[in-house]
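Visitor: Below: one structure in structure tokens.
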Amino acid sequence: MKYLWIVLGVLVILVTVAGLWAYLSLKPDKNLISEHIQENRDNSAILLLRNDSVLVELNPDKKMPLASTAKIILAIEYAQQAAAGFIDPDSLIALKDLAVYYVPGTDGDAHPNWLEKMRNDSLIQNKSVSLHEVAKGMMRFSSNANTEYLMDRLGLDKINANLEALRLAHHDLLYPFVSALFVSKELPKAEEEAQVEQIRSLSRSAYIDLCNQIHQKLKTDYDSAYKHQLDDISMDLQKVWSDRLPAASVRDYVSVMKKINNRNYFPDSVQTQIEGILEWVMNNETNQQWLAHAGMKGGSTAFVLTKALYATDKKGNTTELAYFFNNLGYMNNLKLQANMNQFELNILTQPEFREKLKQTFSEIPQTAEIFTISVPHE
């Protein structure tokens, strides 16, 4: 018994130390993100506009994997089709039709958390939810299942047409990137190292074609027989998947944020739909006290962290920001995520913080022309 208590005592000490270390490592640090960018310039990009002026920029035209931030493009297409009457936001979508796209263990429980919210808010009717709630779940909870469903419902060709219409010069075509997790299962069996090289060697078009084929299998996989083939994915396979995600530049996404924040680029009917699914932060009463409008979307993998946002405060100040990171380690990723909210809040509310950022990044050589503000009504 004495021995048992000694063991338990050691475990308690270890857990306490681990908890303290985690707290100290992850507690908010207003300078952590800017310091990370300075120290990891090759794998970071940022562009910040305040009242139409560029305050901060680093690698504004560098293409980097987007992860779920790319869902902003789907949100825009959803809004356009809803405004035009091509889809009915109030139409009911069977949960089983969304479930076929859900791959357990690949979304950080985003889809189950969204379903729980739907149940708690009594928004499920006859085992169905509205199309509007599906789109909101894609943006607020980042449900990948909802995303791949909407890719089918809206049409990938129409979604990708927005890249040219919005003049996104560096943006890759979107494809079913959750389906891409199964690519290794579709290739000839081989040692993992060989499989990784096989995937890397696929041309962009061949890779996307394979992802689309897998997507077609998933949409009819009601018994989950195909999904069950996906066992634990090694970090090497996750890395090649992450590296091949659709990529774009922070300039691309700041330009999109500017178009939405300006509120005169899209027709009013489209703007209303966009705000309805992107401005979930405005549901918070505290935010309503000082913000007139704000919307955002982030994304992450084990190696990638991205964010794009816009805001207009009650004084009329406008802010558009996009910042992307790639090739992150596990703890760096966690630390950055733990500090994103404070970093963004400081940018939006603290003039001294913005000035410090401006001065810090003015010392870093710039490699691209200054962002040009152009928000035509189309």
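Visitor: Starting from region 103-126, take each residue that is closer than 18 Å to residue 93 by Cα and list its partners that are among the acidic types (Asp, Glu) and surrounded by 12 or more Cβ atoms within 10 Å (Cβ to Cβ), counting only C-beta distances under 6 angstrom and pairs at least six apart or across chains.
Guide: These pairs meet every condition: 123/133.
Visitor: Now for a separate question. If you go through region 230-238 one residue at a time, do you hit one that is over 30 Å from residue 60 (Cα atoms), out of contact with any helix residue (DSSP H, G or I) (no Cβ under 8 Å at 6 or more places or on another chain) and surrounded by fewer than 17 Cβ atoms within 10 Å (Cβ to Cβ)?
Guide: Scanning region 230-238, I find at least one residue that is over 30 Å from residue 60 (Cα atoms), out of contact with any helix residue (DSSP H, G or I) (no Cβ under 8 Å at 6 or more places or on another chain) and surrounded by fewer than 17 Cβ atoms within 10 Å (Cβ to Cβ), so the answer is yes.
Visitor: For region 190-214, give me each residue that is of a type in the set (A, V, I, L, M), assigned to a helix (DSSP H, G or I) and loosely packed, with under 15 Cβ neighbours inside 10 Å.
Guide: 194, 206
Visitor: Tell me the residue from 203, 179, 184, 224 that is touching a Cys at 6+ places or on another chain (Cβ under 9 Å) and over 30 Å from residue 265 (Cβ atoms), please.
Guide: The conditions single out 179.
Visitor: Hey, any hits in region 120-137 for a residue that's in contact with a Phe, Trp or Tyr (Cβ under 6 Å, 6 or more places away or on another chain) and of a type in the set (S, T, N, Q)?
Guide: The answer is no; no qualifying residue exists.
Visitor: What is the one condition in (1) in contact with a Pro (Cβ under 7 Å, 6 or more places away or on another chain); (2) more than 16 Å from residue 71 (Cα to Cα); (3) of a type in the set (A, V, I, L, M) that residue 174 does not satisfy?
Guide: (2)
Visitor: Tell me which residues, restricted to region 316-338, are assigned to a strand (DSSP E or B) and not acidic (Asp, Glu).
Guide: 318, 319, 321, 322, 323, 324, 325
Visitor: Please give the number of the condition residue 119 fails out of (1) at pLDDT 95 or above; (2) in contact with a Leu (Cβ under 9 Å, 6 or more places away or on another chain); (3) open to solvent by 50 Å² or more (accessible area, probe 1.4 Å).
Guide: It is condition (2) that residue 119 fails.
Visitor: Quick check on my filter: what residues within region 65-112 are more than 29 Å from residue 324 (Cβ to Cβ) and not hydrophobic (A, V, I, L, M, F, W, C)?
Guide: 85, 88, 89, 90, 91, 96, 97
A quick yes/no check of all residues on (1) in a loop (DSSP other than H, G, I, E, B); (2) of a type in the set (A, V, I, L, M):
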position: 83; (1), (2): no, yes
position: 107; (1), (2): yes, no
position: 114; (1), (2): no, no
position: 123; (1), (2): yes, yes
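Visitor: How many residues are acidic (Asp, Glu) and open to solvent by less than 20 Å² (accessible area, probe 1.4 Å) when one looks only at region 122-162?
Guide: Matching residues across region 122-162 total 1.
Visitor: Of everything in region 215-229, what is open to solvent by 90 Å² or more (accessible area, probe 1.4 Å) and out of contact with any Lys or Arg (no Cβ under 8 Å at 6 or more places or on another chain)? Give them in sequence order.
Guide: Matches in region 215-229: 216, 220, 223, 228.
Visitor: Quick one: which of 180, 165 is in contact (Cβ under 8 Å) with a residue 40 or more places away in the chain, open to solvent by less than 10 Å² (accessible area, probe 1.4 Å) and not β-branched (Val, Ile, Thr)?
Guide: 180
Visitor: Among the residues in region 277-300, are any surrounded by fewer than 20 Cβ atoms within 10 Å (Cβ to Cβ), aromatic (Phe, Trp, Tyr) and over 27 Å from residue 333 (Cα atoms)?
Guide: yes
Visitor: Moving to a separate point now. Of these, 30, 62, which one is open to solvent by 10 Å² or more (accessible area, probe 1.4 Å), modelled with pLDDT under 95, under 21 Å from residue 304 (Cα atoms) and charged (D, E, K, R)?
Guide: On inspection, the qualifying residue turns out to be 30.
Visitor: Take residue 337 and tell me if it is closer than 16 Å to residue 44 by Cα and open to solvent by 60 Å² or more (accessible area, probe 1.4 Å).
Guide: yes
Visitor: Let me spell it out: the conditions are (1) part of a helix (DSSP H, G or I); (2) within 30 Å of residue 272 (Cα to Cα); (3) open to solvent by less than 70 Å² (accessible area, probe 1.4 Å), and residue 171 meets all of them except one. Which number is the exception?
Guide: That leaves (1) as the condition not met.
Visitor: When you scan region 231-269, how many residues do you find that are more than 19 Å from the chain's Cα centre (by Cα) and among the aliphatic types (A, V, I, L, M)?
Guide: So the answer is 3.
Visitor: Can you list residue pairs whose Cβ atoms sit under 9 Å apart, with the first residue in region 267-294 being closer than 22 Å to residue 346 by Cβ and the second being assigned to a helix (DSSP H, G or I) and of a type in the set (Ser, Thr, Tyr)? Count only pairs 6 or more apart in sequence or on different chains.
Guide: Close Cβ pairs satisfying both conditions: 290/349.
Visitor: With 134, 100 as the choices, which residue is more than 17 Å from the chain's Cα centre (by Cα) and of a type outside the set (Phe, Trp, Tyr)?
Guide: After applying the criteria, what remains is 100.
The values are calculated or read from the model by the stated rules, or taken from the named source; none is laboratory data. Predicted model only: the values in this text are computed from it and were never measured. Here Cβ is always computed from backbone atoms with ideal geometry, including for glycine, and neighbour counts include all displayed protein chains. Remember, those area values only see protein heavy atoms, side chains included, never the ligands or the DNA or RNA. Shrake-Rupley method; radii C 1.70, N 1.55, O 1.52, S 1.80 Å.
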